[in-house]
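Following: one structure in structure tokens, then a few remarks.
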Amino acid sequence: MTDLLILGGTTEARQFADLVVRMEVTAIVSLAGVTAVPADMALPTRTGGFGGPEGLIAWMRENTVKSVVDATHPFAERMPWNVAQACEELGIPRLRLVRPGFRKDPDWRQAVNLEDAIAPLPTENRVLLTTGRSDLEVLSLRPDLKAFVRTIEPIGDLPENAEAFLIQPPLDLTEELAFLRTQRVQTVIAKDSGGPTRTKLEAAKLVGAEVILIKRPEQPPGPTVETVDQAVAWLRQVVGIGK
Ligand code: NAP
């Protein structure tokens, strides 16, 4: 029997696991397996996709899961919906644990995706992308732009107007400013991932670069908390498990 399934892939999932391990709860963390070297986890883990909602339902049945905390990334598009469907079908309590977005600056522009973000940029604009590896092919729609793509792990082929930089975050303000000035960046495009590391956005302001924030994808309705302590309280009060 599994008291709790945690869908992970985030710092919050790891921090939550650190608390749950002390609660005498039988729990397992599921990871997608996209990171080559995942961070150490205090709880047992399983890795890899389940095969859509049907596969997830079958896995949850097989492992007699009693509750689920979905701590996937705010930009995970599919998993929150799969989890919602599976929990509804099995009648299992589910909580979404997702960090709040960035405190917004009135000067920032918001866009629904990368294509929307780059469409109105001035000709030959120099753009820093910290949005990860997905959707980068849309850069070929604007061959006049010069894009700097920062990722944690190596990425494959990029459009000709893009240059990749391997960066291990977080960079401090001095490092962020040095990057923006060296590459003469005029626009910074970032996801509204939230969390404490706003440094690149502060640095953009200091060098006079425009900031464009990609909005989060729509989330399934249901109970949502922003902190690991609130998730622990939910386990105790709503699910009724945990010391
Ligand atoms: P996604 O669109 O929601 O997921 C794509 C597929 O990956 C899902 O349908 C599922 O496959 C599998 N998957 C996702 N999370 C999983 C988990 N925790 N355990 C097992 N399988 C999982 O999410 P994504 O954007 O591809 O992100 C993949 C993982 O990286 C997530 O765990 C997310 O938290 C983490 N992450 C994402 C971002 C981002 O910007 N998107 C950033 C940092 C970390 P099946 O349908 O086969 O089950």
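Rounded to the nearest 10 degrees, the inclination of helix 52-62 to the longest alpha-carbon principal axis of the chain is 30 degrees.
Ignoring ligands, DNA and RNA, what percent of the 1.4 Å accessible area of region 1-60 is carbon and sulfur? Exposed carbon and sulfur together represent 52 percent of the surface. Largest first, the three principal axis extents of the alpha carbons in the chain are 57, 32, 32 Å in whole numbers.
Ignoring any ligand, DNA or RNA, what whole percent of the accessible area of region 83-212 comes from carbon and sulfur when the probe is 1.4 angstrom? Don't skip to the answer; put the middle values down first.
Numbers: 3340 of 6660 Å².
The computed percentage sits at 50.
From its DSSP helices (H runs of at least four residues, each -39,500 (n - 2.57)), the chain gives a residue-normalised ellipticity at 222 nm of -7500 deg cm²/dmol.
The residues of region 1-101 present an accessible area of 47 Å² per residue when probed at 1.4 Å with all protein chains retained.
With the convex hull drawn over the C-alpha atoms of region 1-120, the volume per residue is 137 Å³.
Once each part is reduced to its C-alpha centroid, what is the distance from region 35-104 to region 168-240 in angstrom? Cα centroid of region 35-104 versus Cα centroid of region 168-240: 21 Å apart. Principal axis extents of the C-alpha atoms in region 139-188 (largest first, rounded to whole Å): 32, 24, 13.
The fraction of all Cα pairs in region 93-139 landing in successive 10 Å bins from 0 to the largest distance is 18, 43, 27, 10, 2, 0, given as whole percents. For the set K146/K200; K146/K205; K66/K215, the pairs lying more than 27 angstrom apart at their alpha carbons are K66/K215.
The values are calculated or read from the model by the stated rules, or taken from the named source; none is laboratory data. Bear in mind that the values here come from a model prediction, so they are computed numbers and not experimental data. Remember, those area values only see protein heavy atoms, side chains included, never the ligands or the DNA or RNA. Shrake-Rupley method; radii C 1.70, N 1.55, O 1.52, S 1.80 Å.
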